[in-house]
Amino acid sequence: MRSTEDTLTSRVQRRSLPELLVHKFLTEYGYDHGPVIARAIVEDILRTVEQCYPAHLAPQTVLWLAVRREWKGRKQRRITIGDLVPVRLLMYTDEEVQCLSDPQLRERQQAQRTFNRARFARWCREAYEQGGVLSQLDLCLISGLARKVVAEILHEYETQTGQVLPTRGTVHDIGPTVTHKAEVIRRWLRHESPAEIARAVNHTQGAVDRYLADFQKIRLLAQRFPAADLPTLSGLTRYVVEQYLALIRQYEPELHLYPEGPESEWANQAVEPPEPLGAQ
């Protein structure tokens, strides 16, 4: 026999939002897998709502839906809602705000640029640590700056610091990111292991392995075919092929490449080795 206390507790619990949703699942939504599974579904829904619409969000903080860091899709596949994860981004720090009033930066008209460069880098790392990655479009929408400006600022940061930021393009191997491909190959030619390279440049192991496989493909084809044929044979863009060839000439000058005749459109073009990240 149930006690008065048990009955009262049961009555109170039935008035809760979770129990109301379970009741709707079982009586109104045509769900026929039982109350245990319905309750588990409701709990997961409420957790998701809390993540996306938290009751307490710190001041100067934005909640953003980023693509999951472990996203396994391909370039042709569109992002779905299931590929997203909520991340919290602090809009600015005290140190970043100081950039706006720094007299030297203001004199060189670099205060705003430095401010955005610092917080873009932090946003990318904050999202990555929370299991997500931000794209250039994300940074554009959050900051209100044009996409071209965002791309320039990210490039400036990586060039000046020698650090590859964990954006969606670099982590998921999406977009041109040719500089990052060259940096991966350069490190490998300096005898760093693929695992060390992946950690150093904030790439997935799969992305690093693809870069190395593409480079090995170009390295082999370049010994047997003219450079102008390599994009078609390899399936890579001419720009990527040129960078890989430049790295081969820089680090393996003794390797015999296919001789280029004067009729080749690439024969008279001096392809400079790509500058490593961090070069001044």
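Calculate what fraction, in whole %, of the accessible area of the range 81-231 sits on carbon and sulfur atoms when a 1.4 Å probe is rolled over the protein chains.
On the range 81-231, the fraction of accessible area on carbon and sulfur atoms equals 52 percent.
Using 0.36 nm per residue of separation minus the Cα-Cα distance, give me the extension gain between Asp229 and Arg249 in nm, one decimal.
Answer, rounded to one decimal: 5.4 nm.
Would you kindly state how much longer the chain becomes between Leu26 and Val97 on full extension, computed as 0.36 nm times their sequence separation minus their alpha carbon distance, in nm to one decimal?
20.2 nm
Work through the residues other than Ala222 whose Cβ is under 14 Å from its Cβ and net out their charges, Lys, Arg +1 and Asp, Glu -1.
Taking every Cβ under 14 Å from that of Ala222, the sum is -1.
By how many nm would the segment from Glu50 to Tyr239 lengthen if fully extended, with 0.36 nm per residue of separation less the alpha-carbon distance?
63.5 nm
The values are calculated or read from the model by the stated rules, or taken from the named source; none is laboratory data. Everything numeric here is computed off the predicted structure, so don't read it as measured data. Because the Cβ atoms are built from the backbone with ideal geometry, glycine has one as well, and the counts that use them run over all protein chains shown. With ligands, DNA and RNA removed, areas are computed over all heavy atoms of the protein, side chains included. Shrake-Rupley method; radii C 1.70, N 1.55, O 1.52, S 1.80 Å.
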